[in-house]
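Undergrad: This structure is in structure tokens; I'll ask about it shortly.
Computed from the coordinates by the stated procedures, all read-outs in this text should not be read as laboratory data. Because the structure is predicted, anything quoted here is derived from the model rather than measured. Note that we place each Cβ from the backbone using ideal geometry, even for glycine, and neighbour counts take in every protein chain shown.
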Amino acid sequence: MEDGDALIFMNFRADRAREITRAFVNADFDGFARKKVVNVDFVMLTEYAADIKTAVAYPPASLVNTFGEWMAKT
């Protein structure tokens, strides 16, 4: 990756997603050695942790009247 690139990121395991995302977006990340890329547009597929401040493609949603709730009422 080079300065000015964009990255849309997704990962099945939330723990790895948080670590890799922090490596890209936190200037003070020290979890492992990495090359610093200063100007990257980083988008998480969903919010991996509330303390990670970067763009989120699909933010958390509050679901109401889910199928399970509906079935319980019927």
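Per-residue answers, yes or no, for (1) under 13 Å from the mean Cα position of the chain (by Cα); (2) not in a helix (DSSP H, G or I):
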site: Lys53; (1), (2): yes, yes
site: Ala57; (1), (2): yes, yes
site: Pro60; (1), (2): yes, yes
site: Leu63; (1), (2): no, yes
site: Ala72; (1), (2): no, no
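Undergrad: Checking Phe9 against (1) among the aromatic types (Phe, Trp, Tyr); (2) surrounded by fewer than 10 Cβ atoms within 10 Å (Cβ to Cβ); (3) in contact with a Phe, Trp or Tyr (Cβ under 9 Å, 6 or more places away or on another chain): exactly one of these is not met. Which one?
TA: (2)
Undergrad: Anything in the stretch 11-51 that is aliphatic (A, V, I, L, M) and more than 11 Å from the chain's Cα centre (by Cα)? List them, or say none.
TA: Answer for the stretch 11-51, where residues must be aliphatic (A, V, I, L, M) and more than 11 Å from the chain's Cα centre (by Cα): Ala23, Ala27, Ala33, Val37, Val38, Val40.
Undergrad: Within the stretch 24-52, can you find the residues that are within 19 Å of Asp5 (Cβ to Cβ), out of contact with any strand residue (DSSP E or B) (no Cβ under 7 Å at 6 or more places or on another chain) and loosely packed, with under 14 Cβ neighbours inside 10 Å?
TA: Across the stretch 24-52, the qualifying residues are Ala27, Arg34, Lys35, Lys36, Val38, Asn39.
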